[in-house]
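Notes follow once the structure below has been shown.
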Amino acid sequence: MTTPDVFGEARLGPLTLRNRIIKAATFEGMSKGALATDDLVEFHRRHAAGGVGMTTVAYCAVAPEGRTERNQIWMRPEALPSLRRLTDAVHAEGAAVSAQIGHAGPVANSKSNRVPALAPSASFNPQSMRAIRKASAADIERITQAHADAALLAIEAGFDAVEIHLGHNYFASSFLSPKLNKRTDEYGGSLENRAKVALGAVRAVRDAVGDRIAILAKFNMDDGVPGGFWLDESLQVAQWLERDGGVDALELTAGSSLLNPMYLFRGDAPVREFAATFPQPQRLGVQLIGKKFIRAYPYQEAYLLESARQFRAALDLPLVLLGGISQRTTMDQAMAEGFEFVAMARALLREPDLLNRIQAEPTTRSLCIHCNKCMPTIFSGTHCVLA
Ligand SMILES: Cc1cc2nc3c(=O)[nH]c(=O)nc-3n(C[C@H](O)[C@H](O)[C@H](O)COP(=O)(O)O)c2cc1C
């Protein structure tokens with residue numbers, strides 16, 4: 001088989017993308033009132049104009065208690081007109097647009113949301129200083145159905161795809177984790193039981209939308225947490241996802257926003273900038289224990305490739321390689337190794353027009369230095385502090 005051109009057209013489920021490069025979700029912090037603002041529309045229009053095949057609107061929660069903060073979009077009819085403006089603006093630039101849908105589970109900020117966060121087991125969130133409630137079977141059923149409803153709303157809003165969040169120890173991912181899931185009912189214990197929430201959400205979305213839009217899932221290969229979800233189990237769950245036929249592609253991610261946030265990012269740990277986003281006394285706490293919690297990991301180009309190769313070997317399903325992709329040679333390598341798509345986040349925050357320039361001049365180098373200072377900007381309008 002010939003290696004596809006990363007800038008050539010590609011099928012993704014029922015969609016044809018103009019190229020194989022996806023702007024990965026980066027929570028934008030531009031959704032005051034939990035609606036898409038003009039800034040959010042412009043953010044995605046710019047990325048579309050910059051040459052991506054598809055941009056991803058970060059984190060559209062399926063339920064109000066599933067937000068990581070109060071001003072995060074949650075999928076409800078009231079959000080439709082603003083989302084429609086966003087999808088129209090992206091389409092006018094020739095790109096497709098995906099909505100990342102999910103439930104933050106234990107990562108939700110219950111203080112900001114003013115409703116308790118939900119998780120497989122009761123615990124405490126030191127970031128919001130609030131108790132986390134154990135999800136009942138009825139909660140799980142409601143949240144599963146909410147994924148289907150959110151996907152139907154996404155169709156109405158003009159999205160071409162949804163990306164179901166199955167990573168980062170959000171709701172579905174926290175059920176997969178043997179560390180976070182201590183249940184003794186049908187959702188805990190065996191891997192089969194722990195995978196029910198993730199598989200159920202995907203199935204509900206597929207049943208609701210059929211082939212009307214593409215369905216991706218952002219799926220954790222490993223949590224980066226001792227005793228957490230790891231490759232031996234995630235390979236099996238990925239095979240179940242493939243068997244079920246619910247996803248058109250899997251985007252392979254890693255890490256835990258709850259227990260080890262930097263594992264996904266690698267590069268510098270912006271402890272001081274992150275602490276500054278908290279009021280006192282949490283600010284002092286974050287400054288004191290920040291280095292332990294916000295642990296730095298060395299950055300290298302395509303740092304998730306080694307793990308992702310194991311998924312490529314075990315699956316036929318189209319895969320999206322993510323993590324530290326910033327140059328043409330890496331994109332070409334991903335294609336040569338059988339990945340159908342690549343996803344990029346920080347390099348495109350640094351330079352939204354990077355892809356146009358790489359396409360024109362393949363030796364173009366990204367200016368992103370993985371300082372990760374874009375991360376704390378999610379609270380005030382996500383941007384690269386160097387741009
Ligand atoms: C500022 C910022 C916000 C992010 N927000 C989200 C998010 O809302 N949902 C998500 O799944 N990933 C989020 N991510 C992770 C990215 O999608 C991506 O997985 C990660 O940055 C690794 O890709 P990269 O090396 O190309 O940056 C975020 C990343 C950054 C830098």
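FYI, it's all coordinate maths here, none of it is from the lab. Small disclaimer: the values here were computed from a predicted structure and weren't measured. Cβ: placed from backbone, ideal geometry, glycine included. Neighbour counts: every protein chain shown.
Report the equivalent ellipsoid semi-axes for the stretch 281-326 in whole Å, largest first, defined as the square roots of five times the eigenvalues of the gyration tensor built from alpha carbon atoms.
On the way: eigenvalues 238, 28, 16 Å².
Those come to 34, 12, 9 Å.
Whose amide H sits under 5 Å from the amide H of LEU322, counting only residues 5 or more places off or on another chain, with H placed in the peptide plane?
The list, which skips near neighbours in sequence, is LEU252, ALA343.
At 25 °C and 0.890 mPa s, grab the translational diffusion coefficient of the stretch 44-161 from Stokes-Einstein with a Kirkwood Rh over Cα pairs, rounded to a whole number in µm² per second.
It diffuses with D of about 164 µm²/s by this estimate.
What Kirkwood hydrodynamic radius do you get for the stretch 278-358 when you take the inverse of the mean 1/r over all pairs of distinct Cα atoms, in Å?
15.1
Given LYS23/LYS218; LYS111/LYS196; LYS182/LYS292; LYS196/LYS218, which pairs have Cα atoms separated by over 20 Å? Intermediate values should be presented prior to the final figure.
Working: LYS23/LYS218 13 Å; LYS111/LYS196 28 Å; LYS182/LYS292 25 Å; LYS196/LYS218 16 Å.
Going by Cα-Cα distance, LYS111/LYS196; LYS182/LYS292 fall outside the 20 Å limit.
Given 25 °C and 0.890 mPa s, compute D for the stretch 104-163 with the Stokes-Einstein relation, Rh being the Kirkwood radius over Cα pairs; round to the nearest whole µm²/s. Present the calculation step by step, with values, prior to reporting the outcome.
Numbers: Rh = 12.8 Å.
For these conditions, the coefficient is 191 µm²/s.
In terms of the Cα gyration tensor, with a ≥ b ≥ c the square roots of its eigenvalues, is the stretch 313-387 rounded because a/c is under 1.5, prolate because a/b exceeds b/c, or oblate?
oblate
When N is the residue count of the stretch 142-227, what does its C-alpha Rg come to as a fraction of 2.2 N^0.38 Å? Before the final figure, lay out each step's value.
Values: Rg = 13.7 Å, N = 86, 2.2 N^0.38 = 12.0 Å.
The reported ratio for this selection is 1.15.
GNM, the chain, Cα, under 10 Å: largest mean-square fluctuation among PRO226, PRO376, PRO270?
PRO226
Can you tell me the dipole magnitude for the stretch 157-207 around its Cα centre, using point charges on the Cβ only (Lys, Arg +1; Asp, Glu -1), in Debye to the nearest 20?
Numbers: 7 positive and 6 negative charges, 53 e Å.
Computed about the Cα centre, the dipole is about 260 debye.
Which cross-chain or sequence-distant (5 or more) residues have an amide H under 5 Å from the amide H of GLU163, H modelled 1.01 Å from N in plane?
The list, which skips near neighbours in sequence, is ALA99, GLN100, ILE101, LEU216.
Exposure proxy check: MET129, MET331, MET375 ranked by fewest other beta carbons within 10 Å? Intermediate results must be reported in sequence, preceding the final value.
Numbers: MET129 12, MET331 26, MET375 22.
By the 10 Å Cβ count, ascending, the order reads MET129, MET375, MET331.
Which residue, GLY323, GLY51, MET375, has the largest displacement toward the positive end of the dipole of the chain when charges sit on each Cβ (Lys, Arg +1; Asp, Glu -1)?
Going by the charge dipole, the pick is MET375.
Considering the chain as a Gaussian network with a 10 Å cut-off on Cα pairs, which listed residue, VAL97, VAL225, VAL320, attains the greatest mean-square fluctuation?
Comparing VAL97, VAL225, VAL320 in the GNM, the peak value goes to VAL225.
Computed over the Cα atoms of the chain, what is the ratio Rg over Rh, Rh following Kirkwood?
0.93
Looking at the chain as a GNM with Cα springs under 10 Å, which of GLU69, GLU351, GLU306 has the largest mean-square fluctuation?
The residue that fluctuates most here is GLU306.
Which listed residue (ALA313, ALA360, ALA387) has the Cα farthest towards the positive end of the charge dipole for the stretch 251-387, taking +1 on Lys and Arg C-beta and -1 on Asp and Glu C-beta about the Cα centre?
Positive-end residue among those listed: ALA387.
Within a 10 angstrom radius of the beta carbon, how do TYR303, TYR187 rank from fewest other beta carbons to most?
Details: TYR303 21, TYR187 18.
Going from sparsest to densest Cβ surroundings: TYR187, TYR303.
In whole Hz, with x marking every Gly and Pro, tabulate ³J(HN,Hα) for the stretch 116-124 from phi via Karplus 6.51 cos²θ - 1.76 cosθ + 1.60, θ = phi - 60°.
Taking θ as phi minus 60°, the curve returns x, 6, 10, 8, x, 10, 5, 7, 10 Hz for the stretch 116-124.
Could I have the simple spin-label model distance between LEU315 and GLU186, label points 7 Å from Cα toward Cβ, reported in nm to one decimal?
Modelled inter-label distance: 2.6 nm.
Taking N as the number of residues in the stretch 12-60, what is its alpha-carbon radius of gyration divided by 2.2 N^0.38 Å?
Cα Rg divided by the expected 2.2 N^0.38 Å: 1.21.
Checking understanding here: applying a Kyte-Doolittle mean of at least 0.0 and a length along the axis of at least 27 Å (C-alpha), which whole DSSP H helices in the chain pass?
137-156
Neighbouring Cβ atoms within 10 Å as the yardstick, rank HIS103, HIS168 fewest first.
Details: HIS103 30, HIS168 27.
The fewest-first ordering by Cβ neighbours comes to HIS168, HIS103.
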